[in-house]
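Below is one structure, written out as C-alpha cells; comments come after it.
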Amino acid sequence: MIEIKKITKTYKNGDNETHALRGVSFTIQDGEFVAIMGPSGSGKSTLMHILGALDTPTSGTFHLDGKDVSKLSDDELATIRRDRIGFVFQSFNLLPRATVMRNVTLPLIYAEVPEKERERKARKSLASAGLTEDRYEHKSNQLSGGQIQRVAIARALVNDPSLILADEPTGNLDSQTGDIVLGTFQKLNKEMKRTIILITHEREVAEHADRIIYIRDGLIVEDGSGHSKRIIEHAKQKV
C-alpha cells in the first residue's frame with residue numbers, strides 16, 4: 001500500500017540548510033497498524049506531512065496504492081487528501097458550535113455527496129468510532145475530550161479512506177481517555193481492516209500499534225514490533 005524509498009527533505013533559509021529527513025525507506029502493507037515514533041526534531045512531523053500528501057519530498061519516492069504521490073501537482077495532492085486519507089489531529093479541529101453530525105458530514109458536503117447519503121455515511125462512521133447515537137445532535141463543545149476525538153475519528157472515516165493518519169491523537173487527553181481512543185484505533189484496525197499510521201513521541205502510546213518505526217535525526221533507527229525490534233544499521237551511517 002505505502003512504499004517510501006530514500007526520502008529526503010531539506011529546508012533552505014538563505015545559505016543555511018536543515019536536513020529533516022536523510023534517506024528514509026520503508027513499506028507499510030494494507031491493514032497494518034504502525035506507529036512512527038521519535039522525539040521533537042527527529043523528522044517525524046516532516047514525514048507525517050509527506051505521508052499525508054501535505055508536503056512533497058526533496059528527493060526520493062512515495063507510492064500510495066501504486067501511485068507516485070511525490071510527483072503529483074497541488075491539485076492532485078488535494079484530491080489524494082480528500083479521497084484516500086483520513087486525518088485525526090491532536091487539536092481535534094472540529095467546529096465547536098456545530099453539531100456532531102454537521103462536523104462529520106462536512107467533508108461529504110465539500111465532495112457534493114447528496115444529503116441522505118451524507119447522513120447514512122456519517123451515522124455509519126460515528127457507530128464505527130464508538131460514539132452513541134444520543135450524542136449526534138450535541139455540539140462538539142458539549143462533549144468530553146474522548147467523545148470529541150471519537151467524532152474526529154468518525155470524520156476521518158466518512159470518506160472511506162484507504163489510510164488513517166493520526167497525529168498525536170491522545171496529546172490533549174488524560175491517560176485513561178487516551179487508552180479508550182487508542183482502543184478505538186485498534187478496533188478499527190482489527191475489525192475493519194483499516195490501515196492506520198500513528199504519529200507519537202510516547203513509547204507507551206506507540207506500543208498500542210503492532211509495529212513501531214523509530215526515527216531520530218531524520219533516520220530510521222528501529223523498525224519492528226513492540227517486543228522485537230531490529231536495529232537499522234545503515235541508519236547509523238552518515239548520509
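If you go through the stretch 70-90 one residue at a time, do you hit one that is surrounded by fewer than 16 Cβ atoms within 10 Å (Cβ to Cβ), in a loop (DSSP other than H, G, I, E, B) and not hydroxyl-bearing (Ser, Thr, Tyr)? Within the stretch 70-90 (the criterion being surrounded by fewer than 16 Cβ atoms within 10 Å (Cβ to Cβ), in a loop (DSSP other than H, G, I, E, B) and not hydroxyl-bearing (Ser, Thr, Tyr)), the answer is no, since none of the residues qualifies. Condition test on residue 183, is it surrounded by fewer than 15 Cβ atoms within 10 Å (Cβ to Cβ), out of contact with any Asp or Glu (no Cβ under 7 Å at 6 or more places or on another chain), assigned to a helix (DSSP H, G or I) and without any contact (Cβ under 8 Å) to a residue 60 or more places away in the chain? For residue 183, the condition - surrounded by fewer than 15 Cβ atoms within 10 Å (Cβ to Cβ), out of contact with any Asp or Glu (no Cβ under 7 Å at 6 or more places or on another chain), assigned to a helix (DSSP H, G or I) and without any contact (Cβ under 8 Å) to a residue 60 or more places away in the chain - is met. One residue is enough: does the stretch 163-175 have a residue meeting the conditions under 26 Å from residue 81 (Cα atoms), touching a residue at least 40 places away in the same chain (Cβ under 8 Å), over 15 Å from the mean Cα position of the chain (by Cα) and surrounded by fewer than 18 Cβ atoms within 10 Å (Cβ to Cβ)? Yes, some residue in the stretch 163-175 is under 26 Å from residue 81 (Cα atoms), touching a residue at least 40 places away in the same chain (Cβ under 8 Å), over 15 Å from the mean Cα position of the chain (by Cα) and surrounded by fewer than 18 Cβ atoms within 10 Å (Cβ to Cβ). Applying the criterion of being modelled with pLDDT of 90 or more and not aromatic (Phe, Trp, Tyr) to the residues of the stretch 85-95, the residue that is farthest from residue 166 (Cα to Cα) is 95.
Restricted to the stretch 191-224, and to residues there that are part of a helix (DSSP H, G or I) and in contact (Cβ under 8 Å) with a residue 60 or more places away in the chain, the residue that is farthest from residue 150 (Cα to Cα) is 203.
Exactly one residue among 19, 49 is of a type outside the set (Lys, Arg) and either touching a strand residue (DSSP E or B) at 6+ places or on another chain (Cβ under 6 Å) or within 19 Å of residue 221 (Cα to Cα) (or both), and that residue is 19.
Return a yes/no flag: does the stretch 162-176 have any residue that is over 27 Å from residue 51 (Cβ atoms) and in a helix (DSSP H, G or I). Give the steps one after another, and end with the answer.
Initially, the stretch 162-176 is screened for residues over 27 Å from residue 51 (Cβ atoms), giving 174, 176.
Still in the running and in a helix (DSSP H, G or I): 176.
Yes, because at least one residue in the stretch 162-176 is over 27 Å from residue 51 (Cβ atoms) and in a helix (DSSP H, G or I).
Restricting attention to the stretch 210-222, the residues that are in contact with a Phe, Trp or Tyr (Cβ under 9 Å, 6 or more places away or on another chain) and within 19 Å of residue 3 (Cβ to Cβ) total 4. Which of the residues that make up the stretch 112-133 are over 18 Å from residue 153 (Cα atoms) and surrounded by fewer than 17 Cβ atoms within 10 Å (Cβ to Cβ)? Selection gives 112, 114, 115, 116, 117.
Within the stretch 4-20, residues that are on the phi > 0 side of the Ramachandran plot sit with their Cβ atoms under 9 Å from residues that are in a strand (DSSP E or B), at 6+ positions apart or across chains, in these pairs: 6/23; 6/24; 6/25; 6/59; 6/60; 6/61.
Mind checking whether some residue in the stretch 18-26 is modelled with pLDDT of 95 or more, closer than 17 Å to residue 167 by Cα, in contact with an Asp or Glu (Cβ under 7 Å, 6 or more places away or on another chain) and among the aromatic types (Phe, Trp, Tyr)? No, that holds for no residue.
Among the listed residues 3, 119, which satisfies the condition of being in a strand (DSSP E or B) and not β-branched (Val, Ile, Thr)? Let's see the steps before the verdict.
Details: 119 fails: in a strand (DSSP E or B).
Within the list 3, 119, the selection yields 3.
The values are calculated or read from the model by the stated rules, or taken from the named source; none is laboratory data. Because the structure is a prediction, the values reported are computed rather than measured. Every residue, glycine as well, gets a Cβ built from its backbone with ideal geometry; the counts of neighbours run over all protein chains shown.
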